[in-house]
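This report concerns only the one structure given below.
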Amino acid sequence: MPQNTVSFLVENQPGVLFKVSNLFRRRGFNIDSITVGALENSGYSRMTITVDADAKTLHNLIEQLDKMLEVIKVKRLDPLRTVRREMLLVKLETIDPMAREDALRYINNQHGLILDIDDENIIAEITGEPEELDQFLGYVRGIGIVEMSRTGVTAIEKGRLMLGE
Amino acid sequence: MTEMIGAKAFVRSLERAGVETIFGISGGAVIPICDELLDSDMRFILARHEQGAAHMADGYARVLNKVGACLATSGPGASNLVTGLATAQIDSSPVAAFTGQVNRDVIGSDGFQECDIIGVSASVTKYNVQVRAPEEIPHAVKTAFHIANTGRKGAVLVDIPKDCTTLRGDIEFPEKVEFRGYRLNPEPDPHELDWAAKILAEAERPLIMAGGGVIASGASHELVELSELLLAPTATSLMGKGAFPNDHPLSLGLCGMHGTMEANMMVPKSDVLLVVGARFSDRTTGKIADFAPNTKIIHVDIDRSEIDKNVEAMTKVVGDAKLALQGLTERVKRLRTWEPITEWRDRITEFKCVYDAENEKNGPYLRAPAVLKALRDELPRDAIAATEVGQNQMWAALHFDAYLPRTFHTSGGLGTMGWGFPAAIGAKAAKPGVPVVDIAGDGSFGMTENNLATAVEEELPVIVVVLNNNVLGMVAQWQRLFYDKRYSAVKLKGNPDFVKLAEAYGAEGVRVETMKDFRAAVRRGIKADVPTVIDVPIDPEENVMPMVPPGMGLNDTLMEAD
Ligand SMILES: Cc1ncc(C[n+]2csc(CCOP(=O)(O)OP(=O)(O)O)c2C)c(N)n1
């Protein structure tokens, strides 16, 4: 099933995240990731979800979200005209100099940042499309991942397309 | 701005919302509110269980087309409301629940009688909110009534911490509330109407199915007009019963699992099916793939999210049923240049089955279909009926005709046993001048019969007709038909003597074994000042027929059990 990205504006109020996730649970929508952040001075937050869903399920999901009183606007983002980004923090552990060199090269190739480094561990920050992060993780898996954390996808449409009113 | 305590602000807010009657039970967290109610003209009807209070508010709301209000204390009072809210919400009935809550500084600490009712009720309400200060009360109440009573109506809940009711605040009553994410779209799109009207006007075998939305929008008149214009046989869902008069020549009655033969046979044969204010529940469609496979479906609903949710429509009209039906009728009149085809309509008689309802007796027992026909006969056309759930409900849907909208009420969506009796009490409070009956099964009545105390003390003389088979009849029917007669968990050997039960509460009780006695009991019940319970022993083996076996399509409707 295709990966879809859906963004929506919600009232920035207590309990809204609960109601949104409660809706997903109740209607049986399986969400891969969700990101939330308050928007400046508007009283809104923007949520972005990614979901594997066929057309009918996606349609239902959008309609059900749209019906929620706390949801101001909801939109499936056009996959061809959207920039999607996710951040990954990953801690690699190795004392092997060759492996460390490989790690630094992979991080560099992904325009990653090294946030912390000592004789054993490297913490890197990588930002990119979720598929790029998957690919990066594939490269460094052999080196030794001890811990990682992904933020989930956030996204915005190109050009004149936009979510707000 | 006026200074007053939160409880007063709350009661004033209810008055401003037009509340005349509120159903509920008191308790620690709502004592300040109950105290203020003493100084108000509002009528407080004390239920005997909060579930009953919510159902009363629901019955009241359905009859009057006005928000029904109920009140409960924190903790168990609030959680007891949940079934009532779920029932109202799924049937789009405007019910507003107000719950006490522990003091703000105790919230989250598992305090005495603390229940997270906001979390618990989130899935069964259209909207809920917890008040965080006395000043927020008027706005919260106003918002709740607005949301309950607009668009697709539903249940709402406002949770009020006790200290917010005892503390003073500078109170302002808003004239208007706004909700940025709440968009009402009653006006149908003219293009959608054009397109739908074109399909309708060209139909050779048009059929209309009306749901509860037609009643909610007050569109019965418009429905009859369009149906007569198209000569379209018209069926209803369970929730739509009353939207189209059962004695109209184009009436097909109920469609679905226990639909009439004519409705279930004709729906799949139609070439265009106009569905208005119905949501294609699985009980209405039977097996979806066989529902109307070669039919062009036009779906009219005020709730956009219902379109294509269960059944894919060929085209849609999003908006209020009344406006949509008016728009369609106007356009069809313009588009249509030929006479409608009468052969299609005439097939109604071909499929119509005689239900041998005239057969009054089955051995020593009165037969339920005949009892309900006699009941209908004794009641005026505008009498109000509520049903319980099970065989009684389906017999009522099939054999108890409804002629007017808002005269037939049932828990269609949730199927809540025990709903009918308190809903009937609420209905009687709404329309004291009209006879109100609850068509009940003994199992269902047992669930909320304690509300007899309320009906007696509030002088709400409803009539309860207990179709008494001493069994959870509908479940037993399934076990008889699909589980080899292995009856499990259905026998009600410990049923009380319903006559004595009624008398114990100070109500009238009577057991009848002949139709003559039954009719006489109904006539006495209509005139009585106290509630009347009529115990009608019926055969525990009797099935509700017709029936679509579970998992099958409307075409597979069975007339006989074997
Ligand atoms: C609260 C609740 N519990 C259980 C059920 C499942 N159920 C559906 S019909 C039925 C039997 C109803 O028995 P009764 O009220 O005696 O009516 P009858 O079918 O005999 O007319 C049951 C148990 C239900 N609908 N509601």
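The values are calculated or read from the model by the stated rules, or taken from the named source; none is laboratory data. What you are looking at is a predicted structure, and each value in this text was computed from that prediction instead of being measured. Glycine also receives a Cβ, built like all others from the backbone with ideal geometry; neighbour counts cover every protein chain displayed. Ligands, DNA and RNA are excluded from the accessible area calculation, which covers all protein heavy atoms including side chains. Shrake-Rupley method; radii C 1.70, N 1.55, O 1.52, S 1.80 Å.
Could you list all residues from the stretch B:117-149 that are away from chain A (no Cβ under 12 Å), among the hydrophobic types (A, V, I, L, M, F, W, C) and over 21 Å from the mean Cα position of the chain (by Cα)?
Within the stretch B:117-149, B:117, B:131, B:133, B:137, B:140, B:141 meet the criteria.
All but one of (1) within 16 Å of the ligand (Cβ to nearest atom); (2) not in a helix (DSSP H, G or I) hold for residue B:513, so report the exception by its number.
With respect to (1) within 16 Å of the ligand (Cβ to nearest atom); (2) not in a helix (DSSP H, G or I), residue B:513 is out only on (1).
Using the structure shown, decide if residue B:308 is charged (D, E, K, R), surrounded by fewer than 24 Cβ atoms within 10 Å (Cβ to Cβ), within 14 Å of chain A (Cβ to nearest Cβ) and at positive phi.
Values: charged (D, E, K, R): yes; surrounded by fewer than 24 Cβ atoms within 10 Å (Cβ to Cβ): yes; within 14 Å of chain A (Cβ to nearest Cβ): yes; at positive phi: yes.
Answer is yes for this residue.
Just need a number here: residues in the stretch A:38-73 that are more than 8 Å from every other protein chain (Cβ to nearest Cβ), part of a strand (DSSP E or B) and either open to solvent by less than 30 Å² (accessible area, probe 1.4 Å) or more than 21 Å from residue A:15 (Cβ to Cβ) (or both).
8
Taking the residues in the stretch A:4-31 that are over 19 Å from residue B:181 (Cα atoms) and without any contact (Cβ under 8 Å) to a residue 60 or more places away in the chain as candidates, determine which candidate is surrounded by the fewest Cβ atoms within 10 Å (Cβ to Cβ). Before you say what the answer is, go through the steps one by one.
First, pick out the residues of the stretch A:4-31 that are over 19 Å from residue B:181 (Cα atoms): A:4-5, A:25-31.
Those still in the list that are without any contact (Cβ under 8 Å) to a residue 60 or more places away in the chain too: A:25-31.
Working: A:25: 12, A:26: 12, A:27: 14, A:28: 9, A:29: 19, A:30: 11, A:31: 17.
Here the residue is A:28.
Scan the stretch B:460-510 for residues that are within 20 Å of residue B:368 (Cα to Cα), open to solvent by 40 Å² or more (accessible area, probe 1.4 Å) and not in a loop (DSSP other than H, G, I, E, B) and jot them down.
B:475, B:478, B:481, B:491
Please report, ordered by residue number, the helices (runs of 4 or more DSSP H) entirely within the stretch B:333-413 with at least 2 residues that are more than 16 Å from the ligand (Cβ to nearest atom) and either within 14 Å of chain A (Cβ to nearest Cβ) or free of Cβ contacts under 8 Å to residues at least 40 places away in the same chain (or both).
Details: elements: B:342-351, B:368-378, B:391-399.
So the answer is B:342-351, B:368-378.
Mind checking which residues of the stretch B:267-282 are open to solvent by 60 Å² or more (accessible area, probe 1.4 Å) and more than 15 Å from residue B:235 (Cβ to Cβ)? Before the answer, list the steps.
First, the residues of the stretch B:267-282 that are open to solvent by 60 Å² or more (accessible area, probe 1.4 Å): B:269, B:279, B:282.
Within the stretch B:267-282, B:282 is the sole residue that qualifies.
Identify all residues within the stretch B:311-332 that are within 14 Å of another protein chain (Cβ to nearest Cβ) and open to solvent by less than 30 Å² (accessible area, probe 1.4 Å); write none if there are none.
Those that are within 14 Å of another protein chain (Cβ to nearest Cβ) and open to solvent by less than 30 Å² (accessible area, probe 1.4 Å): B:311, B:313, B:318.
Would you tally the residues in the stretch B:125-162 being in a helix (DSSP H, G or I) and open to solvent by 30 Å² or more (accessible area, probe 1.4 Å)? Give the steps one after another, and end with the answer.
So in the stretch B:125-162, the residues in a helix (DSSP H, G or I) come out as B:134-148, B:162.
Next, from what is left, pick out any that are open to solvent by 30 Å² or more (accessible area, probe 1.4 Å): B:135-136, B:139, B:142, B:146, B:162.
Final tally of qualifying residues: 6.
Do you know which residues across the stretch A:1-49 are among the charged types (D, E, K, R) and within 18 Å of the chain's Cα centre (by Cα)?
A:32, A:46
State whether the residues of the stretch B:90-100 include one that is closer than 20 Å to residue B:147 by Cα, aromatic (Phe, Trp, Tyr), buried (at least 20 other Cβ atoms within 10 Å of the Cβ) and touching a helix residue (DSSP H, G or I) at 6+ places or on another chain (Cβ under 7 Å). Before you say what the answer is, go through the steps one by one.
Step one: list which residues in the stretch B:90-100 are closer than 20 Å to residue B:147 by Cα, which gives B:90-99.
After this cut, where a residue has to be aromatic (Phe, Trp, Tyr) as well, the list is B:98.
Add one more test, that the residue is buried (at least 20 other Cβ atoms within 10 Å of the Cβ), and what stays is B:98.
With touching a helix residue (DSSP H, G or I) at 6+ places or on another chain (Cβ under 7 Å) added as a condition, the list becomes none.
Within the stretch B:90-100, not a single residue is closer than 20 Å to residue B:147 by Cα, aromatic (Phe, Trp, Tyr), buried (at least 20 other Cβ atoms within 10 Å of the Cβ) and touching a helix residue (DSSP H, G or I) at 6+ places or on another chain (Cβ under 7 Å).
Any residue at all in the stretch B:169-184 that is outside any loop (DSSP other than H, G, I, E, B) and open to solvent by less than 10 Å² (accessible area, probe 1.4 Å)?
Initially, the stretch B:169-184 is screened for residues outside any loop (DSSP other than H, G, I, E, B), giving B:169-171.
Among the residues that remain, those that are also open to solvent by less than 10 Å² (accessible area, probe 1.4 Å) are: B:169, B:171.
Yes, the stretch B:169-184 contains a residue that is outside any loop (DSSP other than H, G, I, E, B) and open to solvent by less than 10 Å² (accessible area, probe 1.4 Å).
Just to be sure, is residue B:440 away from the ligand (no atom under 11 Å from the Cβ) and either over 18 Å from the mean Cα position of the chain (by Cα) or crowded, with 24+ Cβ neighbours inside 10 Å (or both)?
Details: away from the ligand (no atom under 11 Å from the Cβ): no; either over 18 Å from the mean Cα position of the chain (by Cα) or crowded, with 24+ Cβ neighbours inside 10 Å (or both): yes.
The answer is no for residue B:440.
Which residue is nearest to the ligand (Cβ to nearest atom), if the candidates are limited to the stretch B:72-114 and must be hydroxyl-bearing (Ser, Thr, Tyr) and part of a loop (DSSP other than H, G, I, E, B)? Talk me through it step by step, then tell me what you get.
So the first thing to find is which residues in the stretch B:72-114 are hydroxyl-bearing (Ser, Thr, Tyr), and the list is B:73-74, B:79, B:83, B:87, B:92-93, B:99, B:109.
Adding the requirement that they be part of a loop (DSSP other than H, G, I, E, B) leaves B:73-74, B:92-93, B:109.
On the way: B:73: 23, B:74: 24, B:92: 19, B:93: 17, B:109: 33 Å.
Filtering first and then ranking leaves B:93.
Can you find a residue in the stretch B:415-427 that is surrounded by fewer than 24 Cβ atoms within 10 Å (Cβ to Cβ) and within 16 Å of the ligand (Cβ to nearest atom)?
If we filter the stretch B:415-427 for residues that are surrounded by fewer than 24 Cβ atoms within 10 Å (Cβ to Cβ), which is where we start, we get B:415, B:417.
Right, trim to within 16 Å of the ligand (Cβ to nearest atom) and you get B:415, B:417.
Taking every residue of the stretch B:415-427 in turn, at least one turns out to be surrounded by fewer than 24 Cβ atoms within 10 Å (Cβ to Cβ) and within 16 Å of the ligand (Cβ to nearest atom).
Kindly establish whether residue B:400 is open to solvent by 10 Å² or more (accessible area, probe 1.4 Å), under 25 Å from the mean Cα position of the chain (by Cα), aromatic (Phe, Trp, Tyr) and at pLDDT 95 or above. Steps first, please.
On the way: open to solvent by 10 Å² or more (accessible area, probe 1.4 Å): no; under 25 Å from the mean Cα position of the chain (by Cα): yes; aromatic (Phe, Trp, Tyr): yes; at pLDDT 95 or above: yes.
Answer is no for this residue.
Criterion first (open to solvent by 30 Å² or more (accessible area, probe 1.4 Å) and out of contact with any Pro (no Cβ under 9 Å at 6 or more places or on another chain)) does residue B:541 satisfy it?
Numbers: open to solvent by 30 Å² or more (accessible area, probe 1.4 Å): yes; out of contact with any Pro (no Cβ under 9 Å at 6 or more places or on another chain): yes.
Taking the combined requirement at face value, the residue satisfies it.
Does residue A:164 count as crowded, with 18+ Cβ neighbours inside 10 Å and either at negative phi or hydroxyl-bearing (Ser, Thr, Tyr) (or both)?
Values: crowded, with 18+ Cβ neighbours inside 10 Å: no; either at negative phi or hydroxyl-bearing (Ser, Thr, Tyr) (or both): yes.
No; evaluated as a whole, the condition is false for this residue.
Going by the structure shown, is residue B:433 without any contact (Cβ under 8 Å) to a residue 24 or more places away in the chain and open to solvent by 10 Å² or more (accessible area, probe 1.4 Å)?
Details: without any contact (Cβ under 8 Å) to a residue 24 or more places away in the chain: yes; open to solvent by 10 Å² or more (accessible area, probe 1.4 Å): yes.
For residue B:433, the condition - without any contact (Cβ under 8 Å) to a residue 24 or more places away in the chain and open to solvent by 10 Å² or more (accessible area, probe 1.4 Å) - is met.
I'm checking my understanding of the structure. Among residues of the stretch B:283-305 that are of a type in the set (D, E, K, R) and within 14 Å of another protein chain (Cβ to nearest Cβ), which one is most open to solvent (accessible area, probe 1.4 Å)? First the steps, then the outcome.
Going residue by residue through the stretch B:283-305, those that are of a type in the set (D, E, K, R) are B:283, B:287, B:290, B:296, B:301, B:303-304.
Keeping just the survivors that are within 14 Å of another protein chain (Cβ to nearest Cβ) gives B:301, B:303-304.
Details: B:301: 13, B:303: 12, B:304: 95 Å².
The qualifying residue most open to solvent (accessible area, probe 1.4 Å) is B:304.
Does any residue of the stretch B:59-69 turn out to be more than 29 Å from the chain's Cα centre (by Cα), farther than 21 Å from residue A:19 by Cα and more than 14 Å from chain A (Cβ to nearest Cβ)?
Let us first name the residues in the stretch B:59-69 that are more than 29 Å from the chain's Cα centre (by Cα), namely none.
Within the stretch B:59-69 (the criterion being more than 29 Å from the chain's Cα centre (by Cα), farther than 21 Å from residue A:19 by Cα and more than 14 Å from chain A (Cβ to nearest Cβ)), the answer is no, since none of the residues qualifies.
Can you name the condition, by its number, that residue B:453 falls short on among (1) over 21 Å from the mean Cα position of the chain (by Cα); (2) open to solvent by less than 40 Å² (accessible area, probe 1.4 Å); (3) within 13 Å of the ligand (Cβ to nearest atom)?
It fails just one condition, (3).
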